[in-house]
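The structure under discussion appears below in the form of structure tokens.
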Amino acid sequence: MTRRTRIFIGILLIYTAGIAFLLYRVVSDIDPRYRESAEESLVETSQLVASLVEQDVIAGAINTARLEPLFRTVYAREFSAQIYNLHKNRVELRVYVTDRNGRVMFDSLGRHLGADYSQWMDVSRTLAGLYGARTSRDVDGDPRTSVMYVGAPIRWNNEIVGMVSVGKPVQSFGQFVEDARARTLWVGVGSGLALLLLALIVSVWLVRPFGLISDYWAWVRAQRTLSLSRMARRAVDSVRNGFGEMRDALTGRNYVADYVQTFTHEVKSPLSAIRGAAELLQEPSMPHVERERFLKNIERETQRIQEIVDRMMELTALETRRALDRTEPVPLASLIDDIALSAQPAAAKRNIRLLVNIRDEASTEGDPFLLRRAISNLLDNAIDFSPRDSEVLLTLETTSKLARVSVRDHGPGIPDYAQEKVFQKFYSLARPHSQKKSTGLGLAFVKEIAALHRGRIELGNASRGGAVATLTLPLLSHH
């Protein structure tokens, strides 16, 4: 995974964490806000009932005679109220009245008449002239039976002679809380997904005006036979490529700057060698042998610059492709045999034996030209790093869904410091026999080809010395 990809994923994770934290704070704040609203209404209602009771106080004695028929009539009242998604058809408000000692004189539900409520928070604080409120459960251990109570004092000649407490079941407004939570979550998640989708669509159209859909449709029309599994994989690849384009749109400027800087660094050395040789060639007294040596040096360094430019153009063309334009079944066994045959002359110069071990016949879907280039690159590397009179082994084997092409040499292997760098552009190790470096673009080229074929490339040290490169590709589906 490249640094740019990690940064892009990091930004997405930060964005997701921010949205999740914001939703958490908003959702957790809904219930307290509804409780505050309900409590504010209960305060006014309790003051209203207390004023009503105070009208019947005689010489400090509370008379609750008018309350019983009032609440009996209210609880029996029939009505129908549609409050948004909540349908309400009965009064759930409850009221009790206590004397100055906290003993219940009236209970609208008729459950606790005569009970001592002096220890309840709403009663004790209200009788003490303070604001009293509490939330208690009718059934212990069942939060759905919670009831909010708010008290108001009953006064006679500026003396508190009792109190009224008005209660409302939390469940009556709990439906609003749950509905608000669900709506908030849906809006938050929907907004986040819509923003990501918008960013993806904008980035795709910035990078490629025709869009991924037209690419996908062109691929479908080019297929001789259609397979649902292949079409699904192609669709997934298209979505993944869209995210890659979004990343490139965000980091494109740095991407180009890195390319230019690295290319300049790589070309500086051969240009310096060419300039130095050209200056020396201007000496009229230079021997013919030396002149020929410097001319060959100029030719070699020029060829190196040309190779760097050519490889860079090929690699850039690969990196800008989101998918293979045309694919066909590629028999890997015959392809490997052909590649090994083509590499024989280069191997024979240093008496290196090329061995081919086809353990399983296998085919993959892809571009035969690009696959040939990828395997040829791996084989050329193996030959370059192999000592004289050694051997290089090409192996083809399969699992249930994958084909593995491995190239094994008996060279010095990969140093520990180079393990994480071998696939970086322009990174190259000196060849043991010539002490010269390549362009450093070959393995990066192979990596791009593997990605286009939904495969991967791995390079590591073999157990008995040398290095082994493994190109893993999906087997051709025969649906």
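Bear in mind these aren't lab numbers, they're just calculated from the coordinates by the rules spelled out. Everything numeric in this text was worked out from a predicted model, so none of it was measured. Because the Cβ atoms are built from the backbone with ideal geometry, glycine has one as well, and the counts that use them run over all protein chains shown.
Worth a mention:
- Formal net charge of residues neighbouring Trp186 (Cβ-Cβ distance under 15 Å; K, R +1; D, E -1): 0
- The local environment of Leu70, defined by Cβ-Cβ distances under 14 Å, has a net charge of +1 under the rule Lys, Arg +1 and Asp, Glu -1.
- Report note on the peptides 412-421, 356-365: ranked by the mean count of other C-beta atoms within 10 Å, highest first, their order is 356-365, 412-421.
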